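The values are calculated or read from the model by the stated rules, or taken from the named source; none is laboratory data. Model, not experiment: these values are computed from the prediction. FYI the Cβ positions are ideal-geometry reconstructions off the backbone, even for glycines, and counts take in every protein chain you see.
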Amino acid sequence: MINTHDILETINMIQEENLDIRTITMGISLLDCIDSDIEKACSKVYDKICHKAQNLVKTGEEIEKEYGIPIINKRISVTPISMISAASKGDPIKFAKILDKAAKEVGVNFLGGYSALVQKGFAAGDIELIKSIPQALAETERICSSVNIGSTKTGINMDAVKLMGEIVRESAILTKDNGLVGPSKLVIFCNAVEDNPFMAGAFHGAGEPDCVINVGVSGPGVVRAALSKIPDADITEIADTVKRTAFKITRVGQLVATEASRRLGVPFGIVDLSLAPTPAIGDSVAHILEEMGLEQCGACGTTACLALLNDAVKKGGVMASSHVGGLSGAFIPVSEDAGMIDAARNNTLCIEKLEAMTAVCSVGLDMIAIPGDTPAEVISAIIADEAAIGMVNSKTTAVRVIPAIGKKDGEEIEFGGLFGVSPIMKVNTASPAKFINRGGRIPAPLQSLKN
Amino acid sequence: MRGIITVVGKDMVGILAKVSGVCSEYNVNVIEVSQSILQDMFCMIMLVDFEKCSTSFSDFSDKVSAIGDEMSLSIHVMHEDIFNSMHRI
């Protein structure tokens, strides 16, 4: 029999340290739903999602019960809708509404893929879809949206960057009386990945199979607890402990992914090796960094600690799973992480430090509330800065900022649930307007010329 | 399939009897039992076989958890594979 210590360790990880499977995400291709008649296309989309995902939630719950591991979210990602709506030429909002209806029918809490990929320029359908995002997010409940505006291979589409600053603002204005849900469901990417299981940035890339199961794991609490047992260890030992812990966490993800894939009869795609925090006590990435020896997240040394953590998570996780993908790394969403919220409240953590941290972790400026009067061009410039970090470092970066309409820095907004609370962070308001209004493309960097 | 039942809590009379009673009621074979006292806490781990179980896993799990609630113990029934995959390469 397995050793008692190991059994109790697993149970302790789940019960006390918030180990969970953050999401089972079913990726569904909608390419075969394209139709020149928008009504027909919508009806095909609805039928396909309801057919493919009919057992997703039920299967997730069965696995949860049998293995005793909580599976927090069951979700769906679909082909970027701009590819589908381009052929129909109608109002893309119709797709948003039908996707929302399908998500409710199959019982998933989010459906991602109201997206457009415009890193090199706008194709048919892209502009219409992007312009419809604020309305789509305001009038639906479960739809998430993302736009890829740059990549290492193509450079950065500055026309799209300009447009997205305006869209984020408009999205906040349209949902200002509804908890600002619009911008919290909108991610602007550089180097977006096609198999990301995490919302709000999940979409099912064009190179993916017809239907696939991707799993995202979580467990910042487990890593922190493991580090708290070695208070005087040197950094090598810390990195080793993180690796060992990440291995165990990922093995659970792999098990759940294989089992879900078998029961649903859908191929297994990837396990996303992520440390995704939640506002729950003991589920914070910031607290891991503090356990490593920082007084508070945001102090000098934070970027180095995060780089170590991110790398060790990948090294430990990669051997535990047969296919690793998605974003894979530590997430730093401010409003969803108790330690980051505290650090932002007393100004130890500022937006510039977060920007530096995004150069070494898995995504980018995530769930950050900014003053409501921040001009669109400043938001665009934040997006451009993040995209530049992603482009030059050949990594995914993203921006999900929330302009808190009617509020100033120092105040707070509450999103509720997994989205948490966010202190509004100060943003440098020196104007980048002329730069943003130039338009055009930032050429692809030398890093792209690998052939 | 095989599962692991873990019972953790304050030691008292009848824990083993109650848990193994439910196993026998639903024809779940107990393969191995190990029990110890860890820091004043009673801790029992049972390896069981569900091959001939007369009810569903989920129903059995609910029945065992109900004993836990009744006796203020923390009882979990989990598929063996989660431990295997986490601790064995």
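Key figures
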item	result
Residue match in region A:148-163 (condition: of a type in the set (Asp, Glu) and in contact with an Asp or Glu (Cβ under 7 Å, 6 or more places away or on another chain))	no
Members of region A:170-190 that are surrounded by fewer than 23 Cβ atoms within 10 Å (Cβ to Cβ) and either part of a helix (DSSP H, G or I) or at pLDDT 95 or above (or both)	A:170, A:173, A:174, A:181
Matching residues, region A:404-430, being among the hydroxyl-bearing types (Ser, Thr, Tyr) and surrounded by 12 or more Cβ atoms within 10 Å (Cβ to Cβ)	A:422
Selection count, region A:65-95, where residues are within 30 Å of residue B:76 (Cα to Cα), of a type outside the set (A, V, I, L, M) and in contact (Cβ under 8 Å) with a residue 40 or more places away in the chain	6
Exclusive hit being surrounded by fewer than 23 Cβ atoms within 10 Å (Cβ to Cβ) and outside the structural domain of residue A:336 (by TED's automatic domain parsing), set A:49, A:7, A:11, A:76	A:11
Near pairs, Cβ below 6 angstrom, 6+ apart or cross-chain, from region B:35-50 (under 13 Å from residue A:8 (Cα atoms)) to any residue that is not in a strand (DSSP E or B)	B:42/B:11; B:45/A:4; B:45/A:7
Unmet criterion (only one of (1) in contact (Cβ under 8 Å) with a residue 60 or more places away in the chain; (2) among the hydrophobic types (A, V, I, L, M, F, W, C); (3) touching a Gly at 6+ places or on another chain (Cβ under 7 Å)) for residue A:26	(3)
Subset of region A:426-442 [in a loop (DSSP other than H, G, I, E, B) and at negative phi]	A:426, A:427, A:428, A:429, A:430, A:431, A:432, A:438
Which numbered condition residue A:395 fails, given (1) surrounded by 16 or more Cβ atoms within 10 Å (Cβ to Cβ); (2) not in a loop (DSSP other than H, G, I, E, B)	(2)
Output for region A:431-451, where each listed residue is buried (at least 18 other Cβ atoms within 10 Å of the Cβ) and closer than 23 Å to residue A:354 by Cβ	A:432, A:436
Qualifying positions in region B:3-25 - farther than 21 Å from residue B:54 by Cα, away from chain A (no Cβ under 13 Å) and crowded, with 16+ Cβ neighbours inside 10 Å	B:15
Flag if residue A:235 is in contact with a helix residue (DSSP H, G or I) (Cβ under 9 Å, 6 or more places away or on another chain) and more than 22 Å from residue B:80 (Cα to Cα)	yes
Residue identified as within 19 Å of residue A:327 (Cα to Cα) and surrounded by 24 or more Cβ atoms within 10 Å (Cβ to Cβ) among A:201, A:221, A:205	A:201
Residue ranges of helices (runs of 4 or more DSSP H) in region A:291-381 with at least 3 members under 17 Å from residue A:218 (Cα atoms) and not aliphatic (A, V, I, L, M)	A:302-318
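Residue by residue, here is whether (1) surrounded by fewer than 24 Cβ atoms within 10 Å (Cβ to Cβ); (2) at pLDDT below 95; (3) more than 14 Å from every other protein chain (Cβ to nearest Cβ) holds:
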position: A:236; (1), (2), (3): yes, no, yes
position: A:244; (1), (2), (3): yes, yes, no
position: A:249; (1), (2), (3): no, yes, no
position: A:273; (1), (2), (3): no, yes, yes
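For every residue, the table says whether it meets (1) facing chain A (nearest Cβ under 7 Å); (2) buried (at least 19 other Cβ atoms within 10 Å of the Cβ).
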site	(1), (2)
B:45	yes, yes
B:50	no, yes
B:55	no, no
B:58	yes, no
B:61	yes, yes
B:66	no, no
B:72	no, no
